[in-house]
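Student: Sharing a structure with you now.
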Amino acid sequence: MSSDRLNPDKLRNWPKGRFLLSLTAYDYPLSRVLDEAGIDLIHVGDSLGMVVLGMPDTTGVTMVDMIRATEAVSRGRKKAMISVDLPFGSYKTADDCVKNSKILIQAGADAVKPEGGREIFAQVEALQKAGIPWIGHLGMLPQNVKKEEGYRKKGKSKEEARQIFEDAKEMEKRGACAVVLELVVPEVAAQVTKTLSIPTIGIGAGEGTTGQIRVTHDLLGLTPWYRPGFVREDLGFAKKIEELVRGLMSSGRAELG
């Protein structure tokens, strides 16, 4: 293990004012590229269900999917920390949460990430007791997309903002090494960030968080049929691949060797 690798303890004590960047990876090549580029945190997200497996949302992703992806990503990194989503249905009870988290840690994760606030306090307390590092996730919860019938901004009402604020503080007390704030009203996300001593990682939550997390496929432009509003621009890889394929087809087999 590299001595300067980011780990959960270092993440928990992330310096105030220092930017933190997290990007997703689901395979060895992308993990290695991100790691060698100097990324802080590689996240093996259950977003692989949509951007890799062609699912409509994250709820169909299984532990088998996450284990295989985590193993691949762990082979490609040397310095970056790896966080991994606990997939839908894998942490219904505290015992399930600990059991499946241990499996992901063994596959190469440095920390796991369940979704939710006070409704999963029993699970995260069990993680802390078991000595398993974890990252919180508040705001919009992708695994609840069917229940809530879509994705929407969180923290618009005073009650919703208060709950996010209180849950974040409680998560810090219960051992979280960071908290992801997804689609949270920017003012609320900024206030949570100022209050916590652990870092916050925003996605669609404004610029007032400690750091940001993005789905790498969105930034590369590999999924042009879906582009989140908070992705301002991408590298247009889908178009470049299309142009490459059309060029090879028009030039004939000779150039393929």
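Student: Among the numbered conditions (1) within 16 Å of residue 171 (Cα to Cα); (2) β-branched (Val, Ile, Thr); (3) under 15 Å from the mean Cα position of the chain (by Cα), tell me where residue 73 comes up short.
Tutor: Result: residue 73 fails condition (1) only.
Student: A further question on this structure: Determine, yes or no, whether residue 55 is farther than 22 Å from residue 208 by Cβ and in contact (Cβ under 8 Å) with a residue 12 or more places away in the chain.
Tutor: No, not satisfied.
Student: Of the residues 205, 190, 176, 161, which single one is assigned by TED's automatic domain parsing to the domain that holds residue 19, part of a helix (DSSP H, G or I) and either at pLDDT below 95 or under 29 Å from residue 7 (Cβ atoms) (or both)?
Tutor: Going through 205, 190, 176, 161 in turn, just one is assigned by TED's automatic domain parsing to the domain that holds residue 19, part of a helix (DSSP H, G or I) and either at pLDDT below 95 or under 29 Å from residue 7 (Cβ atoms) (or both): 190.
Student: Show the residue pairs meeting these rules: Cβ distance below 8 Å; 6+ apart or different chains; first residue within the stretch 100-113 and not assigned by TED's automatic domain parsing to the domain that holds residue 179 and of a type outside the set (Gly, Ala, Ser); second residue part of a loop (DSSP other than H, G, I, E, B) and modelled with pLDDT of 95 or more.
Tutor: Short answer, once both residue conditions are applied: none.
Student: Can you tell me how many residues within the stretch 21-35 are farther than 19 Å from residue 71 by Cβ and either out of contact with any strand residue (DSSP E or B) (no Cβ under 9 Å at 6 or more places or on another chain) or of a type in the set (Gly, Ala, Ser) (or both)?
Tutor: So the answer is 1.
Student: Another question, if that's okay. Does the stretch 177-190 contain any residue that is surrounded by 24 or more Cβ atoms within 10 Å (Cβ to Cβ) and either in contact with a His (Cβ under 6 Å, 6 or more places away or on another chain) or without any contact (Cβ under 8 Å) to a residue 12 or more places away in the chain (or both)?
Tutor: Yes - at least one qualifying residue is present in the stretch 177-190.
Student: Condition first: touching a His at 6+ places or on another chain (Cβ under 8 Å) and under 22 Å from residue 234 (Cβ atoms). Can you find one or more residues in the stretch 54-75 that meet it? Steps first, answer last, please.
Tutor: Initially, the stretch 54-75 is screened for residues touching a His at 6+ places or on another chain (Cβ under 8 Å), giving none.
Among the residues of the stretch 54-75, not one is touching a His at 6+ places or on another chain (Cβ under 8 Å) and under 22 Å from residue 234 (Cβ atoms), which makes the answer no.
Student: Looking at (1) in contact with an Asp or Glu (Cβ under 9 Å, 6 or more places away or on another chain); (2) at pLDDT below 95, which is the one condition that is false for residue 251?
Tutor: (1)
Student: Still on this structure, please answer the following. Of the residues that make up the stretch 102-122, is at least one within 22 Å of residue 72 (Cα to Cα), touching a strand residue (DSSP E or B) at 6+ places or on another chain (Cβ under 8 Å), in a strand (DSSP E or B) and of a type in the set (A, V, I, L, M)?
Tutor: There is at least one residue in the stretch 102-122 that is within 22 Å of residue 72 (Cα to Cα), touching a strand residue (DSSP E or B) at 6+ places or on another chain (Cβ under 8 Å), in a strand (DSSP E or B) and of a type in the set (A, V, I, L, M).
Student: Take the residues in the stretch 112-133 that are among the small types (Gly, Ala, Ser) and more than 19 Å from residue 167 (Cα to Cα), then tell me which one is surrounded by the most Cβ atoms within 10 Å (Cβ to Cβ).
Tutor: Within the stretch 112-133, the match that is surrounded by the most Cβ atoms within 10 Å (Cβ to Cβ) is 130.
The values are calculated or read from the model by the stated rules, or taken from the named source; none is laboratory data. Nothing here was measured: the structure is a model prediction, and the numbers come from that model. Cβ sites come from the backbone with ideal geometry, for glycine too, and all protein chains shown count toward neighbours.
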